[in-house]
1. Please work out which one of (1) of a type in the set (Asp, Glu); (2) closer than 27 Å to B:PRO180 by Cβ; (3) at pLDDT 85 or above is the condition B:GLU61 fails and give its number.
2. Which of the residues that make up segment A:107-123 are surrounded by 20 or more Cβ atoms within 10 Å (Cβ to Cβ) and at the interface with another protein chain (Cβ under 7 Å from one of its Cβ atoms)?
3. Restrict the check to segment B:35-54 and report whether at least one residue is of a type outside the set (A, V, I, L, M) and in contact with a Gly (Cβ under 6 Å, 6 or more places away or on another chain).
4. Any residue in segment B:9-26 that is over 19 Å from A:ASN156 (Cα atoms) sitting within a Cβ distance under 6 Å of a residue that is outside any helix (DSSP H, G or I)? List the pairs, counting only those 6 or more apart or interchain.
5. Can you go through B:VAL68, B:VAL45 and tell me which one is part of a helix (DSSP H, G or I), touching a residue at least 60 places away in the same chain (Cβ under 8 Å), out of contact with any Asp or Glu (no Cβ under 6 Å at 6 or more places or on another chain) and not basic (Lys, Arg)?
6. Looking at segment B:219-235, I want the residues that are free of Cβ contacts under 8 Å to residues at least 60 places away in the same chain and have a partner that is of a type in the set (S, T, N, Q) with Cβ atoms under 7 Å, at least 6 apart or on another chain. Which pairs are those?
7. Looking at segment A:230-237, can you tell me whether even one residue there is among the β-branched types (Val, Ile, Thr) and not assigned by TED's automatic domain parsing to the domain that holds A:GLU51?
8. Within the group B:ASN51, B:ASN25, B:ASN37, which residue is out of contact with any Asp or Glu (no Cβ under 8 Å at 6 or more places or on another chain), surrounded by 20 or more Cβ atoms within 10 Å (Cβ to Cβ) and farther than 30 Å from B:LYS172 by Cα?
Amino acid sequence: MEIISVKHLTKQYETYHRGHDARSVFKSLFHREKSVITSVDDLSFQVPQGEIIGILGPNGAGKSTTIKMLTGVLYPTSGEINIMGFNPHKQKNQYVKQIGVVFGQKSQLIWDIPPLDSFHMNKEIYDIPAEDFRKRLERLKEMFEVADIITKPTRNLSLGERMKCEFIMAMLHSPPVVFLDEPTIGLDLIAKQRIREFIQEMNRQGTTFILTTHDLEDVERLANRVLIIHQGKKVYDNSLAGLRLHLGAKKVVRLSAAAPIGNIDYPGVEISEQISDYEAELLIDTGQCALGAFLHRISESVDITDISIKEIPIEKIIGSIYEEPVAAM
Amino acid sequence: MKRLLRIYRVCVMANLATAVSYRMNFLLNCLITLIGNVLFPLVTVIIYNSNASFAGWTFHEALLIQAVFILSTACASMLFNGIMWSTMSHVVEGSLEVLLIKPAPGLFLLLAQAFNIESIGLLTGGLVIFGYALGGVGGMSLVTWLLFLLLFAAGLLVMLGVVLIVAAISFKWVANSRLPEMFESVKAFGRYPGTIFPRMLVAISSFIFPVSMIAFFPASALIGRWKGYHLAAILPCLLFAGFGVWLYNRMLHSYKSAGG
């Protein structure tokens, strides 16, 4: 069942330009050059209940603007949004009770007082019954292991601790849909891991997550589906496995040899990186050259000391999509 | 309504907790605000000690107007002036979304979070001068007290309206921090008995930009010196506040946020 339906969503805004020389600065006092920027351009997608969808894109692609329109913060220039039967802008108060939002770069906690005070503020704002609030807070405290830190002033907490508290803020009212805007930005590996485990656990219990991130590991570890936005347009919308096939059925083989490797001139095989005379990284198009056949051939011509076979790094695939946007899928 | 009151209470508690977390800053701010505002009536003391006066007003009556002005300023500062600064800061930093994602009206949340306990010093100072001034005036009755409270509330509405209009303008004209200074200058007319000003200025300060409602009209009502047009000036006060609320909510729609 679809929980989110977005149709032809567009957001435009006006901005100003000026040069940096004194004349331009002076001129801008009287006249500024306006231009209209389309930050989200005719975006359509659906999200079924219980899915984790990762929204990817380079800086300025329109990811955060999309999230802000979905959360009712920004008004779309045109298009339709239907989330759990609500129009986020026309039924804002009822709608925002049903969603949770975590902004990786904007805190909902009050800086000078303990997170516990902010949690109690949310209890009243979201009208959470006292018993439900107590139970949920206990559970979330346990899941994040934050019982000791929520009574300290927020300003004294580490970024990882603060982010755990941001998640608690977003989850106290048990929202069925949660928007995460770069939730792991700046976090260390352990904190990221804890956050990812939490998202997976909540997703198992039925929560739908919409995640924007620059951390591809977040997507690989969490998302069932990837939506790539470039220059405001959707350029990919499918599974992560499908994304891996975007550059074709290719494998990366890293090869070390006892003697110089020399020329490898097989169909469907290219040297992607010559690390040294004795070590190279090869890109094998398994559509043209079966992996078994390649291994058989290479073992005859090269004295192999070590070999590893990997998938193409997701960064490389996404980079290729950014360079040559594909038609919307 | 009960829910909004609960939200307001919890936000005020959070503001109190924030204020007292920097104790020295809290005490100093209370003191500086008090000194900065309470010293002004000294001018009146000096004027009257020099055998001069505001024509037709005794020392205690003139002091009463200035005490009411301090009380109005303290209430505005405590209850809603913070909306202006927090809106400007949210617009500049693009952080208003943390409020807009909450299931309560954005303006109400800003109002609840704008509560500023540091004005308690100013309020106390105002009450002391008010009490002293009351000791030297007569003509008060239950009716004049009720009228005083009505006009005092109307004066607060004028200030709320101005705060909301300035805050709303900041959505379009981001760096407008000098606008509040302009209002402070205009507001200063409310500190004096209106009768010392030319008629045109009295009309403007009563009906166009009703700053007389901040102190002069309520103080006059309290000592039984009110006129019919003082009550009529409630209407522009309501319009000011209403326009402020309308404009602020309208401008909230044009909020652009900042890049993520």
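The values are calculated or read from the model by the stated rules, or taken from the named source; none is laboratory data. Just so you know, these numbers come straight off a predicted model, no measurement behind them. Here the Cβ is made from the backbone with ideal geometry for all residues, glycine too, and neighbour counts use every protein chain on show.
1. B:GLU61 satisfies all of (1) of a type in the set (Asp, Glu); (2) closer than 27 Å to B:PRO180 by Cβ; (3) at pLDDT 85 or above except (2).
2. If the condition is that a residue be surrounded by 20 or more Cβ atoms within 10 Å (Cβ to Cβ) and at the interface with another protein chain (Cβ under 7 Å from one of its Cβ atoms), then A:GLN108, A:ILE110, A:ILE113, A:ASP117, A:MET121 are the ones that fit.
3. no
4. These pairs meet every condition: B:VAL12/B:PHE115.
5. B:VAL68
6. Pairs found: B:TYR229/B:SER206.
7. No; the residues of segment A:230-237 include none that is among the β-branched types (Val, Ile, Thr) and not assigned by TED's automatic domain parsing to the domain that holds A:GLU51.
8. B:ASN37
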